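Here's the structure we're looking at; comments come further down.
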Amino acid sequence: MEKIVIEGGARLIGDVTISGSKNSALPVLAATILCQGPNSFHNVPKLRDVATIQRVLENLGVQVTRETDGSVRVDSSGLSGNEAPYDLVKTMRASVLVLGPLLARRGKAIVSLPGGCAIGARPVNLHLRGLEILGARIELKHGYIYAKADRLKGGHIYLDVPTVTGTENLMMAATLARGTTVIENAAQEPEVAELGTVLKKMGAKISGEGTSLLQIEGVETLHGVEHSIMPDRIEVGTFMVAAGLTQGNLRLFNCSLSSLEAVVNKLREAGLEVYPDGEVVRVIGNNRVRSVDVKTLPYPGFPTDMQAQIMVLMCLTRGLSVISETVFENRFIHVSELRRMGADIKIESNSAIVTGVRQLSGAQVMATDLRASASLVLAGLAANGRTEISRVYHLDRGYENLEGKLSRIGARIRRVG
Ligand code: EPZ
């Protein structure tokens, strides 16, 4: 079983090139089901989750090829299937993103119901409720969603929670519906906005992408496009915390500070220097990290996908910080592993009370989900001694060659086994 081994204590100095966004690439690739003709995407990260959505699409008869220049060519003119099977969906919940496009393009979709995951129950009831408002007939049986619609029709959807993939699924479904759809309390994440941009390039009529009020006027057909996926803002945030934990000095390439306001504000409040430096983003850590309180919220609030990472930084302050998780009901699993490294963290309902300690110590720890595994890598970088992280397949789902990028800036990190 592969492990990541880290000898802690090295200062991180140098340049990092940020990869394309996982949470933008997945819905954009799913959207190719909607259009006639080939697409070409650049800056698509090489990740396990991208490989999974590729297999989901190929299973439907879509051709997906990674070209020699690294771009991804997707041609859905051979689309013939309706099913996203359990074996694929169980490895990645985001596979549910083919539900809306399949229903819109083929009038029928059979998608395995995503089960719960480490960080929460994560139901898809709002996806299904929205599709029913657009005229779909939905049945749940044998662990699958069976959805049918001769042609979807425009409708008015109010989302109880601004669900990210829910908004994306419904926005995609509405592009080929008859009439106009309004989605209220829509998710405003930059990845949702980028999907809107790509759909508009494909010929869709959308307004309000990236705001809480979306309007989509259905069209008859969509066509293929060429597009470059935005940088991964969570990867940017993860490297910023790495600089903060190691008194580092990093230049981050292929990214910008836009869409990271909440994270950058908190890191500056904690004492890090973060600023645009010509074409790159500069982040400088120092040895007086201040404790700050954090509350995760839907965008533009502080992203839940950065909660575990900033918690590690708060473990090494001289104060006390309260980190409240309001998006997922069970996203503190990394706490017990951080405690094994000497962190002082108490959990009270949806808040973690972190009392800073002088030093973390290296230990054998286990990754439990994608962002938890990133937090253990960060803790290992700062810790005294050797850290061994098992179940690193979680990391590969969302970080492209993390240990390669870290070792190039001075980290003593390697993958074994
Ligand atoms: C997306 O997940 C991201 N995944 C997650 O990133 C991210 O943590 C999350 O948004 C929140 O920002 C992708 O984009 C592929 P939600 P998603 O639906 O869409 C509840 C990572 O680390 N809810 O916005 O699944 C739900 O239970 C991953 O990269 C319902 O109740 O999240 C949760 O409490 C992890 N019913 C809240 O809404 C629904 O039908 C937000 O979930 C849908 C959601």
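A few notes on this one:
- 3 or more residues without any contact (Cβ under 8 Å) to a residue 24 or more places away in the chain, of a type outside the set (A, V, I, L, M) and open to solvent by 60 Å² or more (accessible area, probe 1.4 Å): qualifying strands (runs of 3 or more DSSP E) within region 196-277: 273-277
- Pairing residues of region 301-322 that are more than 20 Å from residue 122 (Cβ to Cβ) and within 16 Å of the ligand (Cβ to nearest atom) with residues that are polar (S, T, N, Q) and open to solvent by less than 10 Å² (accessible area, probe 1.4 Å), at Cβ distances under 8 Å and at least 6 apart in sequence or on separate chains, gives 309/238; 309/375; 311/375; 312/375.
- Residue that is nearest to the chain's Cα centre (by Cα) [pool: residues in region 175-188 that are within 16 Å of the ligand (Cβ to nearest atom), open to solvent by less than 10 Å² (accessible area, probe 1.4 Å) and farther than 14 Å from residue 27 by Cα]: 186
- Among residues of region 94-108, those that are in contact with a strand residue (DSSP E or B) (Cβ under 7 Å, 6 or more places away or on another chain), more than 12 Å from the ligand (Cβ to nearest atom) and either open to solvent by less than 30 Å² (accessible area, probe 1.4 Å) or aliphatic (A, V, I, L, M) (or both), counted: 4
- Scanning region 80-93 turns up at least one residue that is surrounded by fewer than 23 Cβ atoms within 10 Å (Cβ to Cβ), under 21 Å from residue 186 (Cα atoms) and within 11 Å of the ligand (Cβ to nearest atom).
- Residue within region 56-74 that is part of a helix (DSSP H, G or I) and buried (at least 20 other Cβ atoms within 10 Å of the Cβ) present: yes
- Whether a residue is in contact with a Gly (Cβ under 7 Å, 6 or more places away or on another chain) and either surrounded by 20 or more Cβ atoms within 10 Å (Cβ to Cβ) or not in a strand (DSSP E or B) (or both) was assessed, and residue 192 passes this test.
- Single condition residue 172 does not satisfy, out of (1) surrounded by fewer than 23 Cβ atoms within 10 Å (Cβ to Cβ); (2) within 19 Å of residue 98 (Cβ to Cβ): (1)
- Counting the residues of region 22-51 that are of a type in the set (S, T, N, Q), more than 11 Å from the ligand (Cβ to nearest atom) and part of a helix (DSSP H, G or I) gives 1.
The values are calculated or read from the model by the stated rules, or taken from the named source; none is laboratory data. None of these values were measured; they are calculated from a predicted model. Neighbour counts are summed over all protein chains in view; Cβ atoms, including those assigned to glycine, are modelled from backbone coordinates with ideal geometry. Side chains included, ligands, DNA and RNA excluded: accessible areas come from the protein's heavy atoms. Shrake-Rupley method; radii C 1.70, N 1.55, O 1.52, S 1.80 Å.
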